[in-house]
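Below you'll find the structure, written out as structure tokens, and then a few comments.
Read-outs: derived from the displayed coordinates by stated rules, not from any lab. Since this is a predicted model, take the numbers as computed values, not measurements. Positions of Cβ are backbone-derived with ideal geometry, glycine not excepted, and every protein chain shown enters the neighbour counts.
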């Protein structure tokens with residue numbers, strides 16, 4: 001007993017002076033557990049240069065007045081110390097716990113035989129290196145009676161935030177037996193929701209369930225990482241990932257939460273402005289920083305991720321309330337879930353600051369709130385299914401009604417199809433007959449065009465003959481004038497007939513020559529008039545043929561109009577064309593009749609001219625006889641002067657008659673020429689009309705082909721439907 005007192009005295013005397021200011025924690029065999037924050041002191045090492053030897057002599061220690069330490073995100077190293085006063089008679093086995101598992105480097109100094117041994121741990125070390133394998137950082141203390149001082153150095157790039165607890169082993173086991181079932185019930189519930197909603201997704205193929213499953217899965221990883229369970233059970237040897245994954249899971253949680261809210265509320269359709277805010281204010285920044293958090297230093301990543309979570313969560317919460325006030329049904333469940341989560345966090349924080357007492361609700365407020373979020377959102381999806389089911393029932397009722405209406409319409413349509421099938425057959429038959437008619441009409445039009453060309457050629461020849469007659473008549477007129485002049489000269493020269501007998505004889509010769517020429521011209525004129533008369537008869541035949549063709553065209557037009565009337569609305573266009581063809585045929589008939597009248601008049605004029613020519617020829621024969629008589633009686637001219645005077649008077653009279661007749665022939669021939677010109681124009685117009693008829697008939701043929709093709713297509717469609 002004296003030896004123990006001596007050892008205690010040595011330890012007390014050798015301890016630093018500053019240690020006597022530290023209030024020790026009294027423990028004995030009945031000790032259970034205690035939060036010792038108010039029994040600890042801390043020292044900030046900004047330059048990270050202090051060692052265990054220097055901090056023991058340092059007098060700048062600061063006492064803590066809180067149960068927990070929270071220095072936030074700091075680059076400084078913090079030293080902590082506390083003392084335990086074992087008032088029992090023997091050694092006690094105690095456990096010292098730091099409740100924040102994300103501390104990087106924790107060096108715990110334990111007094112051993114007058115010196116300090118260090119135990120290094122933290123999430124930068126493999127999990128198996130921890131003194132006690134627990135999600136939190138726990139050190140085992142086994143000291144004898146008396147006061148024992150402990151030092152601890154903590155360096156971390158995250159938050160310097162933890163609560164120090166001192167407990168007995170029985171208290172530790174009791175806590176685990178109480179907490180672990182609740183923890184695993186919580187995570188089991190979350191996993192059940194994941195599996196359940198994934199099965200619903202497989203059945204419904206609704207993408208909202210995928211986003212919901214991803215949100216729950218990532219949130220589970222976030223909670224396990226924050227609480228240290230992921231480092232304990234999922235990746236105990238992956239120190240880098242265990243120390244740097246928290247910002248990633250934080251950003252991914254808010255990302256999938258935003259996607260789920262965006263999809264279930266249908267912001268793109270119902271809330272255009274909130275859609276853009278959610279995409280560019282929540283989803284895009286969360287995704288970008290989730291990737292960047294694995295690249296940038298952890299201190300920067302966790303700070304920005306924490307700020308981003310606060311801002312984006314607030315945005316989602318506000319948008320949930322806005323959607324709720326605007327009548328969005330899913331927003332009710334989203335808002336209830338967020339309220340439950342916020343309430344759980346608030347209750348836990350108030351418990352941590354001692355405002356609320358420690359009880360089940362305050363201890364597990366965050367877990368209860370997150371579980372209620374998951375359940376509320378799941379109820380929102382279930383409500384969506386119920387709404388879809390009701391809508392589906394309405395759609396099924398409408399579908400039954402539509403099926404009934406469709407069956408009625410199908411019966412009616414079958415009747416229409418049957419009628420259309422019959423009409424299509426008749427329509428095809430009519431189109432085939434129409435095509436045959438148009439083919440015959442085309443042949444007649446071509447025949448009419450050919451006949452018009454032949455008539456045009458004949459009239460060109462007739463015009464040339466009339467032109468020749470006109471020129472001959474002009475020549476005859478000139479010769480008549482010459483004859484009259486000669487007779488005048490003869491009348492003047494008869495007084496000197498005796499003296500000028502030789503001249504008379506020469507004049508008689510000239511008269512004989514002119515008479516011969518006149519006789520030839522008269523014979524040619526007679527032949528030409530006969531030819532013209534024959535051509536007029538041929539023209540009458542052509543005109544009769546044109547009348548016959550016009551009658552046939554009128555008949556075909558009438559038949560086409562009848563067929564078009566049978567075709568109904570489809571034959572209206574063809575009826576118009578048939579009517580135009582009938583009008584054209586009537587015009588052709590009228591023109592041919594007019595041409596017949598002109599030709600008849602020309603023939604009458606030609607016959608009159610022929611009679612005049614015959615008379616002229618007879619007169620010329622008389623002149624021949626008289627000239628012969630004058631030639632044979634040249635020697636008896638003197639004796640027959642009286643007779644010659646009489647004969648000259650007769651010649652003068654006949655010359656006047658011939659001159660008048662020549663003028664009449666010139667006039668009649670000129671009129672005949674003009675009539676032939678008009679006839680030629682009429683024939684040319686008839687040829688043009690025949691070409692127009694042929695062109696119109698080609699169009700009719702094309703229309704008939706189109707009608708036939710459409711009828712065949714309609715018949716094919718009806719047969720397919722049948």
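Please figure out what share of the DSSP beta bridges in region 2-172 is antiparallel and state it in percent, rounded to the nearest 5. Please list the in-between numbers first.
Numbers: 47 of 50 bridges.
The answer is about 95 percent antiparallel.
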**Item:** Spatial separation of Cα centroids for region 268-306 and region 58-96, in angstrom
**Value:** 39
**Prompt:** Label-point separation (nm) for residue 184 and residue 58, each offset 7 Å from Cα along Cα-to-Cβ?
**Reply:** 4.3
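Decide, for region 216-347, between rounded, prolate and oblate: order the square roots of the alpha carbon gyration tensor eigenvalues as a ≥ b ≥ c, take rounded if a/c falls under 1.5, and otherwise choose prolate if a/b is larger than b/c, else oblate. Before the final figure, lay out each step's value.
Details: a/c = 2.49, a/b = 1.76, b/c = 1.41.
Verdict is prolate for region 216-347.
At a 10 Å Cβ-Cβ cut-off, how would you order 205, 175, fewest neighbours first? Let's see the in-between values first.
Details: 205 9, 175 14.
Final ranking by Cβ density, sparse to dense: 205, 175.
Which value, in Å³ per residue, describes the convex hull spanned by the Cα atoms of region 192-245?
Values: hull volume 4.4 nm³, N = 54.
Given the Cα convex hull of region 192-245, per-residue volume reads 81 Å³.
Would you mind ranking 201, 73 so that the residue whose beta carbon has the fewest other beta carbons within 10 Å leads the list? Can you show the working numbers first?
Numbers: 201 18, 73 15.
Final ranking by Cβ density, sparse to dense: 73, 201.
For residue 46 and residue 112 in one chain, what is 0.36 nm times their gap in residues minus the Cα-Cα distance, to one decimal in nm?
On the way: separation 66, 0.36 × 66 = 23.76 nm, distance 2.83 nm.
Stretched fully, the residue 46-residue 112 segment lengthens by 20.9 nm.
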**Message:** Quick check on the exposure proxy: order 119, 216, 368 from fewest to most C-beta atoms within 10 angstrom.
**Reply:** 119, 368, 216
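Can you give the FRET efficiency to the nearest 0.05 for residue 537 and residue 649, using r as the Cβ-Cβ distance and R₀ = 60 Å? Write down the numbers at each step before the final one.
Working: r = 42 Å, r/R0 = 0.71.
The value I calculate is 0.90.
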**Net length gained if the chain between residue 547 and residue 408 were fully extended (0.36 nm per residue, minus Cα distance)** = 44.0 nm
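Starting from the Cα gyration tensor of region 160-278, take the square roots of the eigenvalues, sort them a ≥ b ≥ c, and report rounded, prolate or oblate (rounded when a/c is under 1.5, otherwise prolate if a/b is larger than b/c, else oblate).
Numbers: a/c = 2.60, a/b = 1.90, b/c = 1.37.
Verdict is prolate for region 160-278.
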**Message:** At 7 Å along Cα-to-Cβ for each site, give me the label-to-label distance between residue 516 and residue 119 in nm.
**Reply:** 16.9
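Using 0.36 nm times the number of residues separating residue 318 and residue 706, minus their current alpha carbon distance, what extension gain do you get? Mind dumping the intermediate values first?
Numbers: separation 388, 0.36 × 388 = 139.68 nm, distance 6.79 nm.
Result: 132.9 nm gained on full extension.
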**Complete:** Rounded to 0.05, the calculated FRET efficiency for the beta carbons of residue 175 and residue 325 at R₀ = 35 Å is 0.20
